[in-house]
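The values are calculated or read from the model by the stated rules, or taken from the named source; none is laboratory data. Everything numeric in this text was worked out from a predicted model, so none of it was measured. Cβ placement follows ideal geometry from the backbone for every residue including glycine, while neighbour counts extend to all protein chains displayed.
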Amino acid sequence: MKEHIDTETASRLMEPLTALVARAGEAILAVNRKAMRVEGKLDGSPVTEADLAADRIIAEGLARLAPEVPTLSEERAEHATPPFRDSFFLIDPLDGTKEFVAGRDEFTVNVAIITGGVPLLGIVAAPALGLAWRGIVGRGAERVRIDGGRIGTAEPIHTRTMPKAGDPWVAAVSRSHGDPRSEAFIASRPGVVRCALGSAVKFGRIAEGSVDIYPRFGPTSEWDVGAGCAVVTAAGGKVTDGQGGEIRFGEGRGGSFLVPEFVAWGDPGAVRSY
């Protein structure tokens with residue numbers, strides 16, 4: 001396979017990638033959280049044997065599926081050589097490690113295809129919830145039931161329109177990463193209902209139309225965001241930077257893969273209204 005991945009190629013990869021993500025999720029669930037070893041990375045974030053097992057499964061699978069396409073994974077980011085000028089896989093083998101370590105179910109496996117700096121395909125799987133959200137920009141999005149390594153029937157999903165005047169917004173907020181600017185942004189919507197969620201599950205809830213908005217006015221990493229961006233966009237929404245502009249991936253500006261801030265919108269029309 002060539003390094004460039006277009007929409008047609010992404011469509012052919014969707015099913016094998018979903019199966020690969022389900023296998024990674026199955027490996028995560030097989031880890032005994034009470035007995036596992038938790039270590040700290042240089043940035044202070046935790047890493048477990050579950051993170052590494054999922055990353056190994058995904059790396060081996062991608063090497064078979066698309067050996068010529070580069071991969072940027074959270075667990076191997078120190079070996080990355082940006083910029084990625086064409087297509088690449090963007091991987092978070094276990095997003096929400098803090099949720100996982102705490103015994104909660106809101107952790108995900110995130111796989112994205114980025115082409116030309118923009119998310120094209122995304123899969124966000126929440127193995128403990130038995131769900132995966134997936135989509136290809138321009139082709140639509142779906143929610144899929146997963147049971148271990150088995151993939152169930154897919155159902156189409158779509159974001160919802162922004163609330164009418166007087167109706168409350170539903171805002172996804174992080175269980176683990178709050179910040180004053182995000183809280184002020186949310187509070188500016190009268191009657192807003194906060195929905196506390198972990199990991200990239202927040203993007204899935206926007207894509208399926210149960211949440212309106214998810215702001216994060218603090219830095220996060222590209223692998224936390226890329227798959228969710230693709231799923232939300234494919235479902236009819238939009239993900240922007242803090243000023244309503246486009247987010248670019250894989251450029252490695254400043255020697256890092258940080259996204260300084262973003263807002264995920266269920267209704268793209270709401271971007272103009274804020």
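Kindly indicate the residue of segment 1-24 that is of a type in the set (D, E, K, R) and at pLDDT 95 or above and also surrounded by the most Cβ atoms within 10 Å (Cβ to Cβ) among those meeting that condition. In this case the residue turns out to be R23.
Residue selection: A132 fails the criterion of being more than 10 Å from the chain's Cα centre (by Cα), part of a helix (DSSP H, G or I) and modelled with pLDDT of 95 or more.
Which residue is farthest from G269 (Cα to Cα), if the candidates are limited to segment 144-161 and must be polar (S, T, N, Q) and assigned to a loop (DSSP other than H, G, I, E, B)? So, considering only residues that are polar (S, T, N, Q) and assigned to a loop (DSSP other than H, G, I, E, B), the one farthest from G269 (Cα to Cα) is T159. When segment 136-189 is filtered for residues that are among the hydroxyl-bearing types (S, T, Y) and out of contact with any strand residue (DSSP E or B) (no Cβ under 6 Å at 6 or more places or on another chain), the ones remaining, listed by number, are T153, T159, T161, S174, S176, S188.
Looking across G255, G244, G266, one residue alone is closer than 21 Å to L197 by Cβ, small (G, A, S) and either touching a strand residue (DSSP E or B) at 6+ places or on another chain (Cβ under 9 Å) or at pLDDT below 95 (or both). It is G266. Filter segment 169-220 for residues that are surrounded by fewer than 16 Cβ atoms within 10 Å (Cβ to Cβ) and of a type in the set (D, E); which is farthest from G103 (Cα to Cα)? The selected residue is E183. Residues of segment 155-168 that are in contact (Cβ under 8 Å) with a residue 60 or more places away in the chain, surrounded by fewer than 19 Cβ atoms within 10 Å (Cβ to Cβ) and more than 14 Å from A234 (Cα to Cα): T161 alone. Identification of helices (runs of 4 or more DSSP H) wholly contained in segment 171-249 with 2 or more residues that are over 19 Å from A132 (Cα atoms) and charged (D, E, K, R) yields 180-187. Considering F89, F100, the condition of being surrounded by 24 or more Cβ atoms within 10 Å (Cβ to Cβ), part of a helix (DSSP H, G or I) and touching a strand residue (DSSP E or B) at 6+ places or on another chain (Cβ under 8 Å) is satisfied by F100 alone.
Of all residues in segment 74-86, how many are over 19 Å from I28 (Cβ atoms), part of a helix (DSSP H, G or I) and at pLDDT 90 or above? Final tally of qualifying residues: 1.
Here is a yes/no grid of residues against (1) in contact with a helix residue (DSSP H, G or I) (Cβ under 6 Å, 6 or more places away or on another chain); (2) surrounded by 24 or more Cβ atoms within 10 Å (Cβ to Cβ); (3) in contact (Cβ under 8 Å) with a residue 24 or more places away in the chain:
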site	(1), (2), (3)
A53	yes, no, yes
A66	no, no, yes
H79	no, no, no
G96	no, yes, yes
N110	yes, yes, yes
